[in-house]
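The structure under discussion appears below in the form of structure tokens.
The values are calculated or read from the model by the stated rules, or taken from the named source; none is laboratory data. What you see is a predicted model; the values in this text were computed from it and never measured. Counting neighbours? That spans all protein chains shown, and the Cβs are built from the backbone with ideal geometry, glycine included. The area values use the complete protein model at the heavy-atom level, side chains included, leaving out ligands, DNA and RNA. Shrake-Rupley method; radii C 1.70, N 1.55, O 1.52, S 1.80 Å.
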Amino acid sequence: MLKQGNLSVTDIALSVGYGDIYSFTSAFKRSIGMSPSHYRDKYVLIEQSSTDG
């Protein structure tokens with residue numbers, strides 16, 4: 001969902017069962033090692049660079 005970029009992080013948190021963005025962000029950071037927003041930004045940069053060249 002983060003990679004698609006269509007929904008806000010808050011909407012994603014609620015849609016996957018978290019009651020608030022803070023709980024989702026905390027769990028995501030523990031699991032992935034970065035915030036959902038940074039993950040999305042990093043993925044978008046990778047996708048853009050792979051389609052540019």
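Overview of values
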item	result
Some residue of the range 26-39 being open to solvent by 90 Å² or more (accessible area, probe 1.4 Å), polar (S, T, N, Q) and modelled with pLDDT under 95	no
Test: S49 is in a helix (DSSP H, G or I) and either at pLDDT 90 or above or on the phi > 0 side of the Ramachandran plot (or both)	no
Positions within the range 11-31 being within 10 Å of the chain's Cα centre (by Cα) and either among the β-branched types (V, I, T) or not in a helix (DSSP H, G or I) (or both), in sequence order	I12, T25
Those residues of the range 1-14 which are open to solvent by less than 80 Å² (accessible area, probe 1.4 Å) and in contact with a Leu (Cβ under 7 Å, 6 or more places away or on another chain), in sequence order	I12
